Amino acid sequence: MFKHDTIVRFSECDSLGHVNNSNYFTYFEEARSDLFKIFNPSLKIESWNLIVASTQCDFIREVVYGQKLVVSTWISKIGNASFQVEHAIQDEKQNWIARGKVILVHFNFQTQKSIPLSQEIRNVLSEHTEAPKGVPMLR
């Protein structure tokens, strides 16, 4: 499991005073940076090899400017050329804020086709399958 800390920025809040729902996907993406390095250690765009096939977010509790958040990220399924990543966000009091998932595909942009995951990558992904204790199920 990967963990990523963030603090809610003023620009992420909307006129209702809480984080706008679109920003949760940014929190999830930022939390995947260590995962991205498995596939592309330099994180250079010209050697990028992952695409998003599907994404979901369940909103549990609102958050506001200045709140400290922890995003936990883990692998829940590994397929032939794709894998499912799940996320859970907690606040500083360990309240569950949001749950999400994304399906990422290992992809060759030149051929515009998926690439099978190597055994080496599968092994590394398998090291990150533990979910946080007490995490709510996705709806």
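Every number here is computed from the coordinates shown, using simple stated rules; none is lab data. No experiment lies behind these values; they were computed from the predicted model shown. Counting neighbours? That spans all protein chains shown, and the Cβs are built from the backbone with ideal geometry, glycine included.
A compact table of results
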quantity	calculated
Cα gyration tensor shape of the chain, rounded if a/c is under 1.5, else prolate or oblate by comparing a/b with b/c	prolate
3J(HN,Hα) from dihedral phi, the stretch 67-78, Karplus parametrisation 6.51/-1.76/1.60, rounded to Hz, x for glycine, proline	5, 8, 10, 10, 9, 9, 9, 8, 8, 10, 8, 10
Gaussian network model of the chain, springs between alpha carbon atoms under 10 Å - residue of PHE36, PHE109, PHE25 with greatest fluctuation	PHE109
SER15 versus ASN108: modelled label distance in nm, points set 7 Å from Cα along the beta carbon direction	5.0
Length added when fully stretched, ILE60-VAL124, from 0.36 nm per residue minus Cα-Cα	20.0 nm
Set of lysines near LYS93 by C-alpha distance (under 25 Å), chain-local residues within fewer than 8 positions excluded	LYS3, LYS68, LYS101, LYS133
Residue of GLN84, GLN67, GLN112 that the Gaussian network model of the chain assigns the largest fluctuation, springs spanning Cα pairs under 10 Å	GLN112
Value of relative contact order over the chain, rounded to a whole percent, pairs C-alpha under 8 Å and six or more apart	28
Sequence-distant residues sharing a close amide H with LEU50 (under 5 Å, placed H)	PHE107
Ordering of 2-14, 94-106 by burial proxy (mean other Cβ atoms within 10 Å per residue, highest first)	94-106, 2-14
Approximate spin-label separation ASN40-ILE7, in nm, with each point projected 7 Å along Cα-to-Cβ	2.9
Protection proxy ranking of 123-130, 68-75 - average other beta-carbon atoms within 10 Å, highest first	68-75, 123-130
